[in-house]
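First up is the structure itself, then whatever we jot down about it.
The values are calculated or read from the model by the stated rules, or taken from the named source; none is laboratory data. No experiment lies behind these values; they were computed from the predicted model shown. Virtual Cβ from ideal backbone geometry, glycine too; neighbours counted across all protein chains shown. When the accessible area is computed, the model is the full protein with side chains, heavy atoms only, and any ligands, DNA or RNA have been set aside. Shrake-Rupley method; radii C 1.70, N 1.55, O 1.52, S 1.80 Å.
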Amino acid sequence: MASQLALLFVRQLKVPVILTDIDQERIDKGVGYVHAEIDKLQGKKRLSPDAANRLKALVSGSLDKAAFARTDWVIEAVFENFDVKKKVFAELEEFVSPETILATNTSSLSITRMAADLKHPERVVGFHFFNPVAVLPLLEIVRGDKTDDVTLATAFATAKSLKKSAVLIADKPGFVFNRLLTRALGEVMNAIDEGTPFDVADNAISELGMPMSPLTLLSLVGPAVALHTGETMAEYYPERFHDSPGLQAMVANKKSAVWTYGADGAKTVDPEIADLWPQGDSPSTSEQVLDRTRRAFAEEIDIMLQEGVVAAAQDIDLCLILGGGFGFWNGGIVPYLDRTGTSEAVTGHRFLDKGVASV
């Protein structure tokens with residue numbers, strides 16, 4: 001992720017970019033990735049040799065944090081762990097100016113807590129990109145309790161210069177995309193835990209507009225990341241987010257995918273996964289899985305709007321479409337929930353004015 005960010009910043013802003021990591025080998029690998037991607041662009045005639053050389057000259061790496069002393073903007077993209085992220089910012093604060101913005105690419109952790117022990121917490125802001133960085137246009141910009149107006153305005157101006165679509169998000173666990181995705185995937189995995197066949201649960205929610213099926217997405221994201229995000233959400237909202245024994249078993253046994261694919265492209269459940277994943281004797285039908293998942297969406301969106309996570313329901317749709325590739329054909333998850341009557345059934349009201357959700 002850090003290498004992708006370095007490539008984006010140098011291409012769009014054309015400013016010096018410095019990468020750092022825990023050892024020189026990783027730094028060299030990161031710089032090498034950026035240089036290789038620039039060479040690919042040159043090979044496709046999207047950059048002239050001169051432009052490519054200028055961009056590559058702007059990218060460097062350093063083990064010494066003192067190299068960041070003259071920077072205006074630093075973004076961290078380390079593992080989703082509070083202690084590690086706080087340590088990185090604390091080390092940087094010893095070298096950078098009080099005006100240097102410290103941005104975090106965290107996907108779910110509190111900006112306020114991350115900045116709490118710094119001398120200048122007002123310059124910390126969430127700047128959450130989506131993977132792959134070059135393709136997905138969404139940026140979740142998260143304001144911590146002490147993030148000041150100058151930092152926030154700079155974050156939005158930077159997002160615009162990077163040609164990204166930014167949405168202002170309140171500092172709540174999971175922000176928008178990961179909170180809703182975790183809630184939805186949790187319903188599917190809980191249905192499997194209860195005894196629903198894997199293929200039934202995986203195919204049940206296709207009409208919601210997700211770009212791929214839940215278990216395929218789980219393989220792409222990685223079970224360990226999904227479990228970590230789920231545990232973070234369960235810590236704050238235990239009444240709605242629950243750990244999946246099946247997912248825990250996958251992580252404990254270092255399994256990365258549920259499906260295996262034959263020569264004809266047909267997918268079947270990995271026999272080892274079937275043995276590992278504890279299932280009950282209360283299976284749901286496809287219709288029941290769809291109903292419980294869209295009801296979960298409606299409930300969580302309503303709570304998020306009450307919490308002020310975003311300014312309007314339309315921001316939810318923007319995040320899911322631009323950050324996760326949800327289908328345009330639905331008009332967004334919010335209009336879909338209104339059209340199907342789920343919004344009123346769960347919350348007692350529509351999210352949008354009558355007529356807005358029509359297609």
Query - Search result, residues across segment 116-137 that are of a type outside the set (G, A, S) and within 14 Å of the chain's Cα centre (by Cα) - result: F127, H128, F129, F130, N131, P132, V133, V135, L136, P137
Query raised in the report: Going by the conditions given, is V334 in contact with a helix residue (DSSP H, G or I) (Cβ under 7 Å, 6 or more places away or on another chain), open to solvent by 10 Å² or more (accessible area, probe 1.4 Å), not acidic (D, E) and not in a loop (DSSP other than H, G, I, E, B)?
Result: no
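Okay, residues lined up against (1) without any contact (Cβ under 8 Å) to a residue 40 or more places away in the chain; (2) hydroxyl-bearing (S, T, Y); (3) open to solvent by less than 20 Å² (accessible area, probe 1.4 Å):
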site: V188; (1), (2), (3): no, no, yes
site: T196; (1), (2), (3): no, yes, yes
site: S206; (1), (2), (3): yes, yes, no
site: E239; (1), (2), (3): yes, no, no
site: H242; (1), (2), (3): no, no, no
site: P245; (1), (2), (3): no, no, no
Query - Lone qualifier among F79, F95, F89 - being assigned to a loop (DSSP other than H, G, I, E, B) and at pLDDT 95 or above - result: F95
Report task. Within segment 260-269, identify whether any single residue is polar (S, T, N, Q) and open to solvent by less than 70 Å² (accessible area, probe 1.4 Å), and answer yes or no. Result -> yes
Report summary line: Going through segment 140-163 in order, the residues found to be crowded, with 23+ Cβ neighbours inside 10 Å and over 14 Å from I101 (Cβ atoms) are E140
Query raised in the report: Is there any pair with a first residue in segment 108-135 that is under 23 Å from Y237 (Cα atoms) and a second that is open to solvent by 10 Å² or more (accessible area, probe 1.4 Å) and among the basic types (K, R) whose Cβ atoms are under 8 Å apart and which are 6 or more apart or on different chains, and what are they?
Result: I111/R143; T112/K146; M114/K86; A115/K146; G126/R143
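With the requirement that a residue be part of a helix (DSSP H, G or I), of a type in the set (S, T, N, Q) and open to solvent by less than 80 Å² (accessible area, probe 1.4 Å), what does segment 32-69 give you?
Step one: of segment 32-69, the residues part of a helix (DSSP H, G or I) are 32-43, 49-57, 65-68.
Next, only the ones that are of a type in the set (S, T, N, Q) stay: 42, 53.
Result: Q42, single match.
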Query - Sole exception among (1) in contact (Cβ under 8 Å) with a residue 60 or more places away in the chain; (2) out of contact with any Ser or Thr (no Cβ under 8 Å at 6 or more places or on another chain); (3) under 23 Å from V133 (Cα atoms) for R179, by number - result: (2)
**Report entry** Cross-chain or 6+ apart pairs with Cβ under 6 Å, segment 283-305 first and at pLDDT 95 or above, then outside any helix (DSSP H, G or I)
**Finding:** P283/G195; P283/T196; S284/T196; S286/A204; V289/A204; L290/A204; L290/I205; T293/I205
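If the requirement is being within 26 Å of the chain's Cα centre (by Cα), more than 13 Å from E93 (Cα to Cα) and of a type in the set (G, A, S), which of these qualifies: A57, A36?
Numbers: A57 fails: within 26 Å of the chain's Cα centre (by Cα).
Within the list A57, A36, the selection yields A36.
Select from segment 119-132 the residues that are at pLDDT 95 or above, in a loop (DSSP other than H, G, I, E, B) and either open to solvent by less than 20 Å² (accessible area, probe 1.4 Å) or under 30 Å from G325 (Cβ atoms) (or both) and list them in ascending order. Before you say what the answer is, go through the steps one by one.
Quick first cut of segment 119-132, residues at pLDDT 95 or above only: 119-129.
Next, only the ones that are in a loop (DSSP other than H, G, I, E, B) stay: 119-120, 129.
Answer for segment 119-132, where residues must be at pLDDT 95 or above, in a loop (DSSP other than H, G, I, E, B) and either open to solvent by less than 20 Å² (accessible area, probe 1.4 Å) or under 30 Å from G325 (Cβ atoms) (or both): just F129.
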